[in-house]
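First the structure, in the form of structure tokens, and then the observations on it.
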Amino acid sequence: MNPGQTRGSILEHPRVALAAAVGLACAMGLGAQYGLAGTTRNLVLLVGLLTLSCLAMAASLRRARRGGSETLGWRILSLSLFINILIQAARIPVFLGHSLSNILLNGSIVLQVLGSLLLAGPLLSWRLAPATGSDRIRHGLDGLLFALATFFILWGLVLGPFFLNPHFPLLERLIWLATFLVYDLLLGLTVFFGVTRTIRLRGPLGWLAAAFLLAGLHNFKWLLDVLSGNPVFHFPAGPLVYAIPLAYLGAALSRRPVGPTALPDEPTRALHLLPYVPVLGATGLGVWLLATDPGTGHRIILVWLALGLVVLLLIRQYLALRDFSVLSQQLESRVAERTQALEDAQSILLRIERMNSMATLGAGLAHDMNNLLGAIQNRAELVIMDLDEGKVPNRADILRVQEATQRAGALSSRLMTLGRQDSEPPRAMDLGVELKAILPLLQVLVRKNQTLRMDPVDGPMPFLGTRGMLEQILVNLVGNARDAMPAGGTIRLRARAPKGAEASGPLLEIEDTGTGIPEHLLGQIFQPFFTTKSSGTGTGLGLASVRSLLVAAGGSIDFTTQVGKGTVFQIRLPGPPNESEGAIEAPDQVPAALPVS
């Protein structure tokens with residue numbers, strides 16, 4: 001196997017390749033730190049840096065060859081790493097005791113600035129910005145706030161004293177300032193793109209953020225050494241000098257995509273607070289420096305940087321309040337729409353159940369109407385026969401026709417009242433009188449082996465409601481009682497006036513001697529679309545519509561049941577507002593109960 005095949009097979013296994021690179025870095029770094037000294041140690045460390053940078057560049061080029069929307073970004077990253085390799089290689093003659101010409105020295109400086117600027121290319125080419133303008137502004141301010149607060153800390157600790165020190169050449173000070181600004185803005189960009197979708201920080205974007213942070217810390221330490229003339233951090237460099245190229249290698253070897261991913265964001269609230277972490281550090285450092293540093297120029301720059309932080313925070317706060325206001329209005333609008341939708345759905349359910357009740361009554365009324373029409377026809381034929389014979393028609397026959405037509409008209413009027421969809425205004429009514437009037441309508445619901453009875457009513461029982469409401473309630477409950485007694489039985493209606501501390505309205509009870517309700521179903525009987533009837537024989541809306549009608553009118557419904565003995569539904573109707581409301585309205589004139597046939 002040739003070396004090219006070996007390298008390709010290793011790069012195809014990212015975890016193995018990264019682990020091998022870390023092992024190589026540790027071996028070379030520890031060996032150089034503790035086994036070598038002087039120029040030899042520096043050369044070995046530099047060769048290790050070049051080796052790892054070449055591996056990172058090769059991995060970036062290999063990822064660019066995959067194609068897709070990430071190709072350009074990986075190519076730019078490869079070019080930046082190549083420039084860094086040239087800069088590191090240019091140091092080899094220095095370690096060997098040779099000096100660089102001014103052309104090479106100035107060229108390395110230009111390449112260093114160019115390579116740092118190119119690092120922003122991959123981030124911008126991958127198009128990781130939020131989709132909406134509002135999100136771009138908010139997260140852009142987060143990234144800018146992070147970058148400015150970090151720069152405030154760097155300026156206060158090392159960059160300010162170095163930049164304001166006239167002993168250093170102006171070009172060198174500008175180069176250091178540009179380098180810090182570039183890496184600071186790179187960190188701000190990673191925060192901008194990472195906070196948009198935090199899941200990205202677990203992929204190449206997170207590795208790049210680590211590389212930028214390590215590079216910034218490296219420059220921070222280097223500048224401290226320049227200012228003090230001695231190493232500030234006394235720890236063995238060893239493998240730590242390889243952390244930056246290892247981070248770039250980890251980004252290129254990551255299996256996760258850079259851009260959009262189907263994976264959902266994880267609940268990492270701490271990452272959303274990341275832009276404000278350096279703000280806290282900048283605040284404490286600024287107070288300490290303003291209290292202890294006598295330098296006027298340093299103070300002015302710190303004040304302007306602090307002012308910039310305050311302005312960014314105020315803008316960010318304003319946008320947050322505006323977003324909160326918009327979300328609040330949207331939430332209120334959605335709640336209003338959902339409430340209206342629920343009210344419309346409830347109205348539709350009530351109409352559906354009303355039509356279902358009409359269909360149930362229609363089946364029974366058709367039979368009774370046919371009997372009445374037959375009686376009318378027979379009496380009319382007798383009158384015609386008398387007229388043909390020259391006799392005066394029998395008055396009793398005509399009265400029978402009139403009585404039958406009144407009965408038919410009353411029944412059809414009740415059915416039309418039940419099916420009427422326009423809302424009636426509630427009025428004071430007498431429950432006892434209304435029950436007697438509606439009893440003929442209810443009798444058509446029961447079967448031949450069933451009996452519908454009404455207990456005597458003692459005195460007036462006023463309540464506030466409409467006939468349509470009372471009829472729909474009774475049709476539903478009597479229909480359910482009928483279905484609960486397939487083997488026959490008795491349905492009893494009872495009405496009584498309120499007593500003592502009870503509600504002001506009368507109590508109506510509908511009792512049957514049916515099968516009762518099983519205990520495990522007691523909590524479900526008022527739920528819409530719940531029914532124990534076979535498919536096609538029940539809608540599951542009856543009791544739900546009854547309860548809805550009563551609650552809307554100010555009444556209530558309850559029940560008691562015993563399996564095998566029957567069920568009693570207790571309807572508490574709303575009472576009239578006051579006794580001076582007006583006279584109780586009389587019901588439509590209806591005949592006595594029709595016979596059940």
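Readers should treat all values here as calculations from the given coordinates under stated rules, not as data from a laboratory. Just so it is clear, the model here is predicted, and its values are computed rather than measured. Because the Cβ atoms are built from the backbone with ideal geometry, glycine has one as well, and the counts that use them run over all protein chains shown.
Numbers below:
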{"read-out": "Set of lysines with alpha-carbon distance to residue 499 below 23 Å, sequence-local pairs under 8 removed", "value": "436"}
{"read-out": "FRET efficiency, 1/(1 + (r/R0)^6) with R0 30 Å, evaluated for residue 304 and residue 170 via beta carbons", "value": "0.90"}
{"read-out": "Distant alpha-carbon pairs in segment 8-99 (separation over 23 angstrom), percent", "value": "36"}
{"read-out": "Peptide ranges 438-448, 335-345 listed from the most packed, as the mean C-beta count within 10 angstrom indicates", "value": "438-448, 335-345"}
{"read-out": "Within straight-line cross-link reach of residue 565, lysines at Cα separation under 22 Å, skipping those fewer than 8 residues along the same chain", "value": "448, 533"}
